[in-house]
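Novice: What follows is a single structure, and I will ask about it in a moment.
The values are calculated or read from the model by the stated rules, or taken from the named source; none is laboratory data. Since this is a predicted model, take the numbers as computed values, not measurements. Because the Cβ atoms are built from the backbone with ideal geometry, glycine has one as well, and the counts that use them run over all protein chains shown. Ligands, DNA and RNA are stripped out before the accessible areas are found, and what is left, the full protein with its side chains, is counted by its heavy atoms. Shrake-Rupley method; radii C 1.70, N 1.55, O 1.52, S 1.80 Å.
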Amino acid sequence: MSETLIEGPLNAVHVELGAAFAPFGGWSMPVKYAGTVGEHTAVREAVGIFDVSHLGKATVAGPGAAEFVNRVLTADLGKIHPGKAQYTLCTNESGGVIDDLIVYYVSDDELFLVPNAANTAAVVAHLRERAPEGVTVVDQHRDYAVLAVQGPTSAEVLQAVGLPTEMEYMAYEDASLNGTPVRVCRTGYTGEHGYELIPAWGDAETVFRALLPEITSHGGQPAGLGARDTLRTEMGYPLHGHELTVDITPVQARAGWAVGWKKPEFVGRDALLAEKEAGPSRKLWGLRATGKGVLRADLTVLGADGAAIGTTTSGTFSPTLKTGIALALIDSAAGVAKGDTVSVDVRGRGIECEVVLPPFVEANTK
């Protein structure tokens with residue numbers, strides 16, 4: 001029986017714009033409009049707008065909500081304050097990653113969470129079963145939409161419609177677009193200067209249609225999940241289900257920077273500290289093809305002697321570098337180092353790759 005896909009609040013608008021759709025995380029999402037390479041290039045050189053309303057939304061509220069969440073999720077919420085956002089991980093007792101998410105610090109007694117689409121229910125359940133009396137965890141997946149405006153001219157686009165742009169990286173403001181409430185955060189998933197906008201679900205079309213003419217007048221275009229994936233892969237950003245899973249820890253995925261190692265408590269702390277001290281059995285690397293061919297996920301990485309030493313987790317053609325790139329988990333015992341040459345088995349043919357430390361292209365987020 002075929003899966004019934006959820007449609008976002010802008011589905012009719014995407015049809016009107018000629019989008020091609022694909023299933024993602026249980027949702028029907030626009031994967032491209034005019035073409036992935038053009039959309040990717042628009043974001044790198046000018047600006048693009050993404051509808052990412054499939055992302056989850058949840059609120060944790062009640063006395064000591066921030067203190068409670070800080071005892072569960074990995075990053076140290078004590079390092080931020082109201083008006084700031086933080087990338088963090090929801091891990092299980094063995095250190096596996098249930099999800100990666102953004103936490104908006106509204107107040108000591110209220111946090112707004114943006115997890116991944118397919119993992120929202122799991123994150124909500126994980127928090128609910130640990131919540132103290134008086135703290136509630138509410139799934140608001142379809143109460144809000146999320147739009148991402150990303151690229152070098154993104155600030156000019158927002159300024160043109162009267163939205164704030166001067167906040168520092170990972171800070172947010174609650175603003176208004178012609179009377180429509182919208183939360184604006186200086187963050188994104190592309191490696192470019194950009195913003196994520198969170199209006200109410202029912203206001204998504206109003207906000208999108210206000211932004212679109214400014215996007216096009218500033219040299220940009222709407223962009224789909226195809227470009228979102230090529231952009232994030234160039235930056236080496238993890239995608240849950242690929243670089244982070246319940247079987248792939250933040251230590252293996254080089255996401256230890258999102259862990260508050262000095263915190264006295266978070267779920268999975270003991271397991272992750274032990275793995276960090278012992279050294280992980282495998283680690284994430286970037287692969288840049290020096291031979292011809294496109295790299296994909298779930299391909300075998302071969303060492304100099306032809307033996308299997310790892311597996312690609314994501315792979316794509318990089319429109320910026322004009323070559324194949326991949327992220328791969330490689331066995332620590334293989335002794336691979338930056339600058340080494342490995343090969344990736346693509347249907348029996350080895351594609352030579354240089355081992356690199358992501359990102360593949362320079363970040364312009366800050």
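Novice: Select from Gly335, Ile49, Trp201 the residue farthest towards the positive end of the dipole of the chain; place +1 on Cβ of Lys and Arg, -1 on Cβ of Asp and Glu, and compute about the Cα centre.
Specialist: Farthest towards the positive pole: Gly335.
Novice: Of the GluC sites (Glu not before Pro) in region 235-339, which ones lie in a loop per DSSP and count no more than 10 other C-beta atoms within 10 Å?
Specialist: Those satisfying the criteria are Glu265.
Novice: Can you list, largest first and rounded to whole Å, the semi-axes you get for region 180-303 by taking the square root of 5 times each eigenvalue of its Cα gyration tensor?
Specialist: The equivalent ellipsoid of region 180-303 has semi-axes of 35, 24, 11 Å.
Novice: Sticking with the crude label model, points 7 Å out along Cα→Cβ, report the distance from Val138 to Arg296 in nm, one decimal please.
Specialist: 4.4 nm
Novice: Does region 54-146 come out rounded, prolate or oblate by the C-alpha gyration tensor, with a ≥ b ≥ c the root eigenvalues, rounded set by a/c under 1.5 and, if not, prolate when a/b is larger than b/c and oblate if not?
Specialist: rounded
Novice: Longer than 30 Å from Cα to Cα, which of Lys32/Lys322; Lys57/Lys322; Lys32/Lys79; Lys276/Lys338 are they? Say none if no pair is.
Specialist: Over 30 Å apart, Cα to Cα: Lys57/Lys322; Lys32/Lys79.
Novice: Something else now. How far is the Cα center of region 208-225 from the Cα center of region 241-259, in Å?
Specialist: Answer, in whole Å: 33.
Novice: Could you give the dipole magnitude of region 113-175 about its Cα centre, charging the beta-carbon of Lys and Arg +1 and that of Asp and Glu -1, in debye to the nearest 20?
Specialist: Magnitude of the dipole: close to 300 debye.
Novice: Counting heavy atoms of the protein chains only and a 1.4 Å probe, report the per residue accessible area for region 63-217 as a whole number of Å².
Specialist: Normalised by residue count, the accessible surface of region 63-217 is 38 Å².
Novice: Ok, one more. Would you mind computing, in nm to one decimal, how far apart the modelled labels at Ala34 and Lys79 are, each placed 7 Å from Cα along Cα→Cβ?
Specialist: 4.0 nm
Novice: Still on this structure, please answer the following. Using a/c under 1.5 as the rounded threshold, could you call region 313-366 rounded, prolate or oblate? The axes a ≥ b ≥ c are square roots of the C-alpha gyration tensor eigenvalues, and prolate needs a/b larger than b/c, oblate otherwise.
Specialist: oblate
Novice: So, one more: Write out the trypsin sites (Lys or Arg not before Pro) in region 295-347 meeting two conditions: DSSP loop, and at most 13 other Cβ atoms within 10 Å of their Cβ.
Specialist: Within region 295-347, the qualifying trypsin sites (Lys or Arg not before Pro) (loop, at most 13 other Cβ atoms within 10 Å) are Lys322, Lys338, Arg347.
Novice: Can you give the extra length, in nm with one decimal, that the chain gains between Glu168 and Ala307 once fully stretched, where that is 0.36 nm per residue apart less the Cα-Cα distance?
Specialist: This chain segment gains 45.4 nm when fully extended.
Novice: Compute the FRET efficiency between Ala125 and Glu67 as 1/(1 + (r/R0)^6), taking r as their Cβ-Cβ distance and R0 = 25 Å, and round to the nearest 0.05.
Specialist: In this case the efficiency is close to 0.80.
Novice: Residue by residue through region 61-72, which ³J(HN,Hα) values in whole Hz follow from phi under the Karplus form 6.51 cos²θ - 1.76 cosθ + 1.60 (θ = phi - 60°), with glycine and proline marked x?
Specialist: So the Karplus estimates, Gly and Pro as x, are 9, x, x, x, 4, 5, 4, 5, 4, 5, 7, 10 Hz.
Novice: To continue, here is another question. Count the net charge of all other residues whose Cβ sits under 10 Å from the Cβ of Phe50, scoring Lys and Arg as +1 and Asp and Glu as -1.
Specialist: With Lys, Arg at +1 and Asp, Glu at -1, the neighbours total -2.
Novice: How big is the dipole moment of the chain about its Cα centre under a simple scheme where the beta carbon of each Lys and Arg is +1, that of each Asp and Glu is -1, and everything else is neutral? Debye, nearest 20, please.
Specialist: 780 debye
Novice: Between rounded, prolate and oblate, where does region 86-138 land on the alpha carbon gyration tensor, with a ≥ b ≥ c its root eigenvalues, rounded for a/c under 1.5, else prolate if a/b exceeds b/c?
Specialist: oblate
Novice: Given only helices, namely DSSP H runs of n ≥ 4 each adding -39500 (n - 2.57), what is the per-residue ellipticity at 222 nm of the chain, to the nearest 500 deg cm²/dmol?
Specialist: -5500 deg cm²/dmol
Novice: With Kirkwood's inverse mean 1/r over C-alpha pairs for Rh, give me the Rg to Rh ratio of region 166-220, two decimals please.
Specialist: We get a ratio of 0.97 for region 166-220.
Novice: Could you give the length gained by full extension between Trp261 and Leu17, i.e. 0.36 nm per residue of separation minus their alpha carbon distance, to one decimal place?
Specialist: Value of the extension gain: 83.2 nm.
Novice: I would also like to ask the following. Test of understanding: what is the full-extension gain from Asp247 to Leu357, defined as 0.36 nm times their sequence separation minus their Cα-Cα distance?
Specialist: Length gained between Asp247 and Leu357: 37.4 nm.
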